[in-house]
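Here is the structure we will look at.
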Amino acid sequence: MLLPDEKLVVKWLSQYQVLQTDQVIKMLPDKKPETARRIIGNLKKMYMVSDVDGGYLGLDHMARPEPRLITAVWVLLQFIDKVDPLAHYPAAYPSQLYFLKESIGYEIVVLYEGELHLTKLLQEYPETRYIIVLPDIELANNLTLPNVPCLFATVNEQTAGSPEIFFYSGGEEHDAI
């Protein structure tokens, strides 16, 4: 029988297939990192989760990380202390992830250069806001946006450890939502 936190880890990995170990640790914000590592270690001993490549976890050791989803989870982690552990999950294309924060739905859309046209596929739901992750904030000037609130973000994964995430609205940098 799994403990509640172990069930959460298994659920997240069943939803997302593969996550960075550091992401799983941060997804348990009420646990100290050492405790979260023990939870992961126990799941490995029970053969419930496996190491995938270097630094990733999955339910199946043959699974491969999806870079867009990994980036979207890093953005989600900026709000994890305000998001219920069961209130985030994969979203419909072109979005990668959906989460509820304070009764408002957010979709995270990770776009690469040459994919700006994909914002035309975003739906205009009044109760949904979009966080559009771009490789360069200057690309935001070329987007066709839905008529709902949008926030932009850049993720600098070149740093050691957790990447740096910057949020923008109206061309100005912000802390977060």
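Condition check: outside any helix (DSSP H, G or I) and of a type outside the set (Asp, Glu). Does Ser95 satisfy that?
yes
On the given criteria, is Lys82 more than 24 Å from Leu19 (Cα to Cα) and out of contact with any helix residue (DSSP H, G or I) (no Cβ under 6 Å at 6 or more places or on another chain)?
No.
Mind checking whether some residue in region 43-56 is modelled with pLDDT of 95 or more, surrounded by 13 or more Cβ atoms within 10 Å (Cβ to Cβ) and under 23 Å from Pro135 (Cβ atoms)?
There is at least one residue in region 43-56 that is modelled with pLDDT of 95 or more, surrounded by 13 or more Cβ atoms within 10 Å (Cβ to Cβ) and under 23 Å from Pro135 (Cβ atoms).
Go through (1) over 13 Å from Leu19 (Cβ atoms); (2) of a type outside the set (Lys, Arg); (3) in the same structural domain as Leu145 (by TED's automatic domain parsing); (4) part of a helix (DSSP H, G or I) and name the single condition Val73 misses.
(1)
Suppose we keep only residues that are polar (S, T, N, Q) and in a helix (DSSP H, G or I) within region 20-34. Which one would you say is nearest to the chain's Cα centre (by Cα)?
If we take residues in region 20-34 being polar (S, T, N, Q) and in a helix (DSSP H, G or I), then Gln23 is nearest to the chain's Cα centre (by Cα).
Looking at Gln15, is it assigned to a loop (DSSP other than H, G, I, E, B), modelled with pLDDT of 95 or more, surrounded by 13 or more Cβ atoms within 10 Å (Cβ to Cβ) and in contact with a strand residue (DSSP E or B) (Cβ under 9 Å, 6 or more places away or on another chain)?
No, not satisfied.
For Thr35, which of the numbered conditions (1) closer than 25 Å to Ala92 by Cα; (2) not assigned by TED's automatic domain parsing to the domain that holds Tyr98 fails to hold?
It fails just one condition, (1).
Scan region 95-112 for residues that are surrounded by fewer than 18 Cβ atoms within 10 Å (Cβ to Cβ), in contact with a strand residue (DSSP E or B) (Cβ under 9 Å, 6 or more places away or on another chain) and more than 17 Å from Asp81 (Cα to Cα) and jot them down.
none
Only residues that are more than 20 Å from Gly105 (Cβ to Cβ) and touching a residue at least 12 places away in the same chain (Cβ under 8 Å): list them for region 129-142, please.
Pass one, region 129-142, residues more than 20 Å from Gly105 (Cβ to Cβ): 134-142.
Hits for region 129-142 are Leu134, Pro135, Asp136, Ile137, Leu139, Ala140, Asn142.
Consider Asn141 against the criteria (1) part of a loop (DSSP other than H, G, I, E, B); (2) surrounded by fewer than 18 Cβ atoms within 10 Å (Cβ to Cβ); (3) not β-branched (Val, Ile, Thr): it satisfies all of them except one. Which criterion is unmet?
Of everything listed in (1) part of a loop (DSSP other than H, G, I, E, B); (2) surrounded by fewer than 18 Cβ atoms within 10 Å (Cβ to Cβ); (3) not β-branched (Val, Ile, Thr), Asn141 misses just condition (1).
Considering Tyr16, Tyr56, Tyr47, which residue is closer than 21 Å to Lys82 by Cα and among the aromatic types (Phe, Trp, Tyr)?
That would be Tyr16, the only listed residue that is closer than 21 Å to Lys82 by Cα and among the aromatic types (Phe, Trp, Tyr).
Can you pull out the residues in region 35-61 that are more than 20 Å from the chain's Cα centre (by Cα), assigned to a helix (DSSP H, G or I) and closer than 15 Å to Leu2 by Cβ?
Arg38, Ile39, Gly41, Asn42, Leu43, Lys44, Lys45 - these are the residues of region 35-61 that are more than 20 Å from the chain's Cα centre (by Cα), assigned to a helix (DSSP H, G or I) and closer than 15 Å to Leu2 by Cβ.
The values are calculated or read from the model by the stated rules, or taken from the named source; none is laboratory data. The shown structure was predicted, so the numbers you read here are calculated from the model rather than taken from an experiment. Cβ atoms come from the backbone with ideal geometry, glycine included; neighbour counts cover every protein chain shown.
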